[in-house]
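Following: one structure in structure tokens, then a few remarks.
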Amino acid sequence: MIDLCIVSYNTQMDLNRLLTTLNARDLTNAPYTLYIQDNGSEDGSAQYVSRLMEIHDDHDEFPSLGGVWLKDNVGYAAAANHLATHGSGDIIGILNSDVWLKPSDVLSIQAAFDQDSGMHIMGPKQRDDEGRITHAGIIGTLAAPAHRG
């Protein structure tokens, strides 16, 4: 099981796309648990996240949702750390809300960790809407870091 910790700040459209891509509402046996924190958004994101919380609490129509928090803007790292403390998965995914994942992607991540016990961290290749890589991590040393991709 993977804990997907999503930090949102003024990204309602992106968060909606991420959750739609994951098909979270249709899954009854999700390979992940979602934890979402909104950091004081002013674009309707907080209201959107509140609605997700109501759907989960009142109707249990969102079985993969483990928790939602509405907070002031405490910064990305503090929000990610807060979310990570609530899960119990063997793998923690720290995500911006502008990521796109399908359930099969989550299963692939799980498989990669299962196949290599020496792997402890993984980062994404970032792509634009046309599939072009825009960022693929930073390699090199602290003295000479270099962008990959």
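Figures for the structure shown
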item	result
Residues of region 104-129 that turn out to be open to solvent by less than 50 Å² (accessible area, probe 1.4 Å) and in contact with a Ser or Thr (Cβ under 6 Å, 6 or more places away or on another chain), as a count	1
Tally of residues being assigned to a loop (DSSP other than H, G, I, E, B) and either polar (S, T, N, Q) or farther than 14 Å from Thr33 by Cβ (or both) across region 86-124	15
Hits in region 69-100 - residues which are of a type in the set (Ser, Thr, Tyr), open to solvent by 80 Å² or more (accessible area, probe 1.4 Å) and under 14 Å from the mean Cα position of the chain (by Cα)	Tyr76
Answer residue from region 28-67, given it is open to solvent by less than 40 Å² (accessible area, probe 1.4 Å) and part of a loop (DSSP other than H, G, I, E, B) and is modelled with the lowest pLDDT among those	Phe62
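The values are calculated or read from the model by the stated rules, or taken from the named source; none is laboratory data. No experiment lies behind these values; they were computed from the predicted model shown. A quick note on method: Cβ atoms are made from the backbone with ideal geometry, for glycine too, and the neighbour counts reach across all protein chains shown. The protein model used for the area step is the full one, side chains on, heavy atoms only, and it has no ligands, DNA or RNA in it. Shrake-Rupley method; radii C 1.70, N 1.55, O 1.52, S 1.80 Å.
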